[in-house]
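First comes the structure, then the notes that go with it.
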Amino acid sequence: MKTGVHLALASFALAGCTPLADVPGDSVHRPTIVSVNPCTDAVLGEIADPAQILAISHYSHDPRSSSMPVAAARRFRSTGGTVEEILALKPDIVIAGAFLPYNTKAALEQFGIRVVGFDIAHNVPESLDQIRQIGLVTGNAARGRDLAAKIATAVAQAAPPPGERPVTTILWQSGGIVPGDNTLVNDLLQRTGFDSLSSRRGLRQADYLPLEAVLHDPPTLILTAGTPGDGEDRMLAHPALQALVHTRRERFDPSMLYCGGPTIVRAVQRLADIRRGFRS
């Protein structure tokens, strides 16, 4: 492995991490879990024992919203996240995202169920730290560390060669919205050799970028991330874009936009593959 990759891995190991206890696998208690967030579903599917997972969110059973392979997700029961459903499953822990309603959390805790919430990860180090924390909470600390190391390796291997000029890029989602500066996907773009024009222009998460602005100041690359089933969004496929002869267009699966965890591996591999296309 090259020295640069070693240094990148070392930086991931140190950045934003909380020290974790190394509990022997034979003696650790592994609690039963209900996950009501598709991002934590994907992490649990990689590190938890299947018997621990009593249910995952219904989003992970839907190809339009899942961040894990749907076939893998459908091995587990799904839940809509209501208090009644969760209480019937009798989990030790509920793992949720940042938007779990307060009343739901309070009701579950009133019945003695521990609720652990995780905010949206805004960058790779935050995502790796969350994975380690999920591993610790669920009694799978070693597996959490292994998954975090696997992701850190994939990100380091997807980095462009030193000194290579970034490719100016717009990631365009359905309806013409773009990711903001403080988002995980923007961090992944920067780490894999892309210069996000929406970030440079000061656009925030889910800001609208009109077609006229793209035509007036076109990037070298447009990544289209329309939702499956929407016809790739009429604006993203507008005939006027064909006039941008010096702008390449590539597809970026929307399932790789919102979650960290194992999704990062697929995302950086896809971005690295696109980036290599500019060297040919």
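The table that follows gives values for the structure above.
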{"quantity": "Selected residue [under 29 Å from residue 147 (Cβ atoms), without any contact (Cβ under 8 Å) to a residue 24 or more places away in the chain and not aromatic (Phe, Trp, Tyr)] from 186, 182", "calculated": "186"}
{"quantity": "Residues of the range 59-70 satisfying the condition of being part of a helix (DSSP H, G or I) and open to solvent by less than 80 Å² (accessible area, probe 1.4 Å)", "calculated": "60, 61, 70"}
{"quantity": "Filtered residue count, the range 126-154, keeping only those that are open to solvent by less than 30 Å² (accessible area, probe 1.4 Å) and either closer than 14 Å to residue 263 by Cα or acidic (Asp, Glu) (or both)", "calculated": "9"}
{"quantity": "Residue count for the range 76-118, restricted to those that are in a helix (DSSP H, G or I), surrounded by 14 or more Cβ atoms within 10 Å (Cβ to Cβ) and aliphatic (A, V, I, L, M)", "calculated": "6"}
{"quantity": "Matching residues, the range 252-279, being over 17 Å from the mean Cα position of the chain (by Cα) and without any contact (Cβ under 8 Å) to a residue 40 or more places away in the chain", "calculated": "273, 276, 277, 279"}
{"quantity": "Of all residues in the range 7-58 being outside any loop (DSSP other than H, G, I, E, B), of a type outside the set (A, V, I, L, M, F, W, C) and open to solvent by 40 Å² or more (accessible area, probe 1.4 Å), the one that is modelled with the lowest pLDDT", "calculated": "11"}
{"quantity": "Residue 70 being in contact (Cβ under 8 Å) with a residue 12 or more places away in the chain and either under 21 Å from residue 90 (Cβ atoms) or among the aliphatic types (A, V, I, L, M) (or both)", "calculated": "no"}
{"quantity": "Criterion: under 18 Å from the mean Cα position of the chain (by Cα) and modelled with pLDDT of 80 or more - qualifying residue of 91, 63", "calculated": "63"}
{"quantity": "Residue that is modelled with the lowest pLDDT [pool: residues in the range 180-228 that are hydroxyl-bearing (Ser, Thr, Tyr) and crowded, with 20+ Cβ neighbours inside 10 Å]", "calculated": "199"}
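The values are calculated or read from the model by the stated rules, or taken from the named source; none is laboratory data. Every value quoted in this text rests on a predicted model; they were computed, and no experiment measured them. So basically every Cβ, Gly included, is an ideal-geometry build from the backbone, and we count neighbours across all protein chains shown. Remember, those area values only see protein heavy atoms, side chains included, never the ligands or the DNA or RNA. Shrake-Rupley method; radii C 1.70, N 1.55, O 1.52, S 1.80 Å.
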